[in-house]
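As structure tokens, the structure follows; a few thoughts come after it.
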Amino acid sequence: MEFKAIIDSKARNDAGCAVVGVYEDGELGVTAARIDKQLGGLIGKLRGDGDFSGKLGEILLLPTPAGTVAARVLLIGLGAHSSFGRKQYRKALASAVQALAKTGARDALVYLALEVVADLDVQ
């Protein structure tokens, strides 16, 4: 399996899966907010209905979401925004990789690197 790391929210718009983070306290991650607008507020509705809490490591796959160019959107719970640090980032990323391995996606855009992580820089 080949991995490429590109740190840019607009690096590529089409993908087999877009991976975005959602915080437990109701806040959408950087790219999740943008995709939520494209989906007409679907991510916010799922949170409001109790279908996705944003608990650290929680996953929810949205297959073929209308309104985005990604074939799938994978929501990853980031836990509480106030305590989102290196350990939480690694757990969220590990959950994303495990979930992606179970999908039929040939490629993925993982937008978790755009989140601000306490005591961690992009490198």
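Coordinate-derived values only; no laboratory data. Here the structure is a predicted model, which is why all the values come from computation and not from measurement. For neighbour counting, all protein chains shown are included, and Cβ atoms are generated from backbone atoms with ideal geometry for every residue, glycine included.
Worth a mention:
- GNM on the chain, alpha-carbon springs under 10 angstrom: the most fluctuating residue among Asp49, Asp107, Asp25 is Asp49.
- Its DSSP H runs of at least 4 residues, each contributing -39,500 (n - 2.57), put the calculated 222 nm mean residue ellipticity of the chain at -8000 deg cm²/dmol, to the nearest 500.
- Antiparallel %, DSSP beta bridges [both residues in the chain], to 5: 40 percent
- nm² value of the averaged projected area, convex hull over the Cα atoms of the chain: 6.9 nm²
- Each eigenvalue of the Cα gyration tensor of region 53-94, multiplied by 5 and square-rooted, gives one semi-axis; in descending order these are 24, 9, 8 Å.
- Taking only the C-alpha atoms of region 64-123, Rg followed by Dmax gives 12.8, 37 Å.
- Sorted peptide list for 53-61, 111-119, 14-22, criterion being average Cβ within 10 angstrom, highest first: 14-22, 53-61, 111-119
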